[in-house]
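Student: A single structure is presented below for examination.
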């Protein structure tokens, strides 16, 4: 298994380690509910150094990124970030990602850990523009600090005015005594906060200083399990669960990152535009349990006449709502908000209701 710059720290802190996307990662420390609630109420720190970072540079950088991503990077400027996906040429999604415009001819693509090699090979295969590509995934560490107390914690470590970093923007500067640190505000928890990108050689120093600065604000390390329950309460997609090579961004409710603007001739544009115009047979929908029970990935979904209408892609017991919540692809005829559906849990049909996202407000 690969390790991150923080692996030995997790073990010192009592993290329960598991294999995830080829990395040895902490799944939890004090417990999923405790970590989850602490992020919602105070502040939590996550190791996300397993994520991939790919630089695209040079005169053809814009043309290349515009072609391989579904969003419209013409809307970006240095310091801004976009959520997007890589269409796979067959109507599916290779990965979802963040696009950072670092400079006029320089972009940072932040991709999922499980897809680094797949994404890298895909980008190489599509690079007819001959943009300059660099896979920096093994050099860069990323820390996510999330929760309402985050700004107070991190402001002690930098002269940068963190309150001026708006959602989906970033700055590069000195942080925790380290130069050229990227501080961004994208979040995957819905609790507010920042991501810190630095070289591996500086990573442990930064983590230690954040933990020290956060002590009086109740900072706790949080693992992959709490990150998953937090993102699900917000209805954010997880690659491999809610989106993959067989799901289109239109089916997944990601039409807002699929931009058919003039001149934006991205891969699969015509196919996805046709889907948007003509409609799709299934849609990703959120539901919450009315009867007791926890929906899990792979569980079948039924209508009132026990016809199979879909499958759960993500599900959990919401630590904040104290009820089962989930997402799944459902036949379009059954996708109306408020519609009652049934989840088959241990051979029993349990009632659920389709709801608007986010689950937790």
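The values are calculated or read from the model by the stated rules, or taken from the named source; none is laboratory data. Here the structure is a predicted model, which is why all the values come from computation and not from measurement. As a convention, Cβ positions derive from the backbone with ideal geometry for all residues, glycine included, and neighbour counts pool all protein chains shown.
Student: Return only the number of the condition from (1) buried (at least 17 other Cβ atoms within 10 Å of the Cβ); (2) not in a strand (DSSP E or B) that residue 170 does not satisfy.
Tutor: (2)
Student: Could I ask something else about it? Find the residue count for the range 336-361, including only residues that are farther than 15 Å from residue 307 by Cα, touching a strand residue (DSSP E or B) at 6+ places or on another chain (Cβ under 8 Å) and assigned to a loop (DSSP other than H, G, I, E, B).
Tutor: Qualifying residue count for the region: 6.
Student: State all residues of the range 318-335 that are part of a strand (DSSP E or B) and farther than 10 Å from residue 296 by Cβ; if no residue qualifies, say none.
Tutor: 325, 327, 328, 329, 330, 331, listed by residue number.
Student: Would you point out which residue out of 284, 301, 272, 308 is in contact (Cβ under 8 Å) with a residue 60 or more places away in the chain and either over 22 Å from the mean Cα position of the chain (by Cα) or surrounded by 16 or more Cβ atoms within 10 Å (Cβ to Cβ) (or both)?
Tutor: Just one listed residue meets the conditions, 272.
Student: Let me ask something else about it. Quick one: residue 250 ticks every box in (1) assigned to a loop (DSSP other than H, G, I, E, B); (2) surrounded by 19 or more Cβ atoms within 10 Å (Cβ to Cβ); (3) in contact (Cβ under 8 Å) with a residue 40 or more places away in the chain except a single one, so which number is it?
Tutor: (3)
Student: So how many residues does the range 1-19 have that are within 13 Å of residue 48 (Cα to Cα) and buried (at least 18 other Cβ atoms within 10 Å of the Cβ)?
Tutor: Of the residues in the range 1-19, 5 are within 13 Å of residue 48 (Cα to Cα) and buried (at least 18 other Cβ atoms within 10 Å of the Cβ).
Residue-by-condition table, conditions (1) crowded, with 22+ Cβ neighbours inside 10 Å; (2) outside any helix (DSSP H, G or I); (3) in contact (Cβ under 8 Å) with a residue 12 or more places away in the chain:
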position: 142; (1), (2), (3): yes, yes, yes
position: 152; (1), (2), (3): no, no, yes
position: 174; (1), (2), (3): no, yes, yes
position: 198; (1), (2), (3): yes, yes, yes
position: 209; (1), (2), (3): no, no, yes
position: 213; (1), (2), (3): no, no, yes
position: 216; (1), (2), (3): no, no, no
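Student: What residue, of 92, 58, 22, is outside the structural domain of residue 213 (by TED's automatic domain parsing), surrounded by fewer than 17 Cβ atoms within 10 Å (Cβ to Cβ) and in contact (Cβ under 8 Å) with a residue 60 or more places away in the chain?
Tutor: 58
Student: Select, from 133, 230, 157, the only residue that is outside any loop (DSSP other than H, G, I, E, B) and touching a strand residue (DSSP E or B) at 6+ places or on another chain (Cβ under 7 Å).
Tutor: Exactly one residue qualifies, and that residue is 133.
Student: Filter the range 104-128 down to the residues that are in contact (Cβ under 8 Å) with a residue 24 or more places away in the chain and in a loop (DSSP other than H, G, I, E, B), then identify the one that is surrounded by the fewest Cβ atoms within 10 Å (Cβ to Cβ).
Tutor: Restricting to residues being in contact (Cβ under 8 Å) with a residue 24 or more places away in the chain and in a loop (DSSP other than H, G, I, E, B), the top hit is 104.
Student: Please go through the range 297-317 and give me each residue that is assigned to a loop (DSSP other than H, G, I, E, B) and within 17 Å of residue 237 (Cβ to Cβ), ordered by number.
Tutor: Scanning the range 297-317 gives 297, 298.
Student: State whether the residues of the range 259-271 include one that is in contact with a helix residue (DSSP H, G or I) (Cβ under 9 Å, 6 or more places away or on another chain) and not in a loop (DSSP other than H, G, I, E, B).
Tutor: no
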